[in-house]
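Before any comments, here is the structure.
The values are calculated or read from the model by the stated rules, or taken from the named source; none is laboratory data. Note that the coordinates shown come from a computational prediction; the quantities given were computed from them, not determined experimentally. For neighbour counting, all protein chains shown are included, and Cβ atoms are generated from backbone atoms with ideal geometry for every residue, glycine included.
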Amino acid sequence: MPPELLTDEERSIKEQLADLPEFTILHLIYQQKAYEGHAKDYEFSGTSMREHWQSGYEDTKRTLKHKSWLAMPPEGAGIVIHDVHREDYR
């Protein structure tokens, strides 16, 4: 939005937000299996829990293989988000 269209309060908020530090968010979000239905939210059998834990473990390993994701983002980048399920691995 052009600065001339901002109120004094909005300009002040924009200036405060411009100085936020850079940081990285690594998403580790469980990906539902094709055979799971609505019961995944309350089905806590040993088999289900082991499958979920294994899935989280594998996602964590895949995430940590991307060493560049662990580096601080370049100055001015703001928030950088990575997710192994959303990245292109070619």
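Selection of the stretch 36-54 for residues being in a helix (DSSP H, G or I) and more than 30 Å from residue 67 (Cβ to Cβ) yields 38, 39, 40, 41, 46, 47, 48, 49.
What are the residues in the stretch 61-90 that are surrounded by 13 or more Cβ atoms within 10 Å (Cβ to Cβ) and either of a type in the set (Ser, Thr, Tyr) or in a strand (DSSP E or B) (or both), if any? Matches in the stretch 61-90: 63, 80, 82, 83.
Can you confirm whether the stretch 31-40 contains a residue that is surrounded by 10 or more Cβ atoms within 10 Å (Cβ to Cβ) and modelled with pLDDT of 90 or more? For the stretch 31-40, residues surrounded by 10 or more Cβ atoms within 10 Å (Cβ to Cβ) and modelled with pLDDT of 90 or more: absent. Of all residues in the stretch 22-74, exactly one satisfies the criterion of being β-branched (Val, Ile, Thr) and farther than 20 Å from residue 85 by Cα, namely 47. Scanning the stretch 16-35 for residues that are assigned to a loop (DSSP other than H, G, I, E, B), touching a helix residue (DSSP H, G or I) at 6+ places or on another chain (Cβ under 9 Å) and in contact (Cβ under 8 Å) with a residue 12 or more places away in the chain yields 28, 29, 30, 31, 33.
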